[in-house]
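The values are calculated or read from the model by the stated rules, or taken from the named source; none is laboratory data. These numbers were taken from a predicted model, which means no experiment stands behind them. Backbone-built Cβ (ideal geometry, glycine too); neighbour counts: all protein chains shown.
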Amino acid sequence: MLPQHPYTLIGNLVSSSGAYHYLASSIGDFPEPEQVKKLMFSAGLKGIRAFKLTFGIVYLYLGKRE
C-alpha cells in the first residue's frame, strides 16, 4: 500500500512510529481555509486573513478581536 502523502513515506524511512500515519489521516480531517476563516469570524474576529506558506502545506491565520 502506498502512503497518501510523500512526508508519510519520508517519516516511515526515518522512524517506525505510527505518528506519520496519524498526521496523514488528520490532514484530511482539517477544515479548508475558507471554513477556518468562517469559524474565526463566528468567534468574533475581524480582518481575517489567511497566508499560504510552504506551497500550501501550512496556512497562517490572522484575525483581530475588537
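Go through Phe51, Phe55 for me and flag whichever is at pLDDT 90 or above and either loosely packed, with under 13 Cβ neighbours inside 10 Å or part of a loop (DSSP other than H, G, I, E, B) (or both). Quick ask: steps written out before the conclusion?
On the way: Phe55 fails: at pLDDT 90 or above.
Within the list Phe51, Phe55, the selection yields Phe51.
Here Met40 qualifies as modelled with pLDDT of 95 or more and not basic (Lys, Arg).
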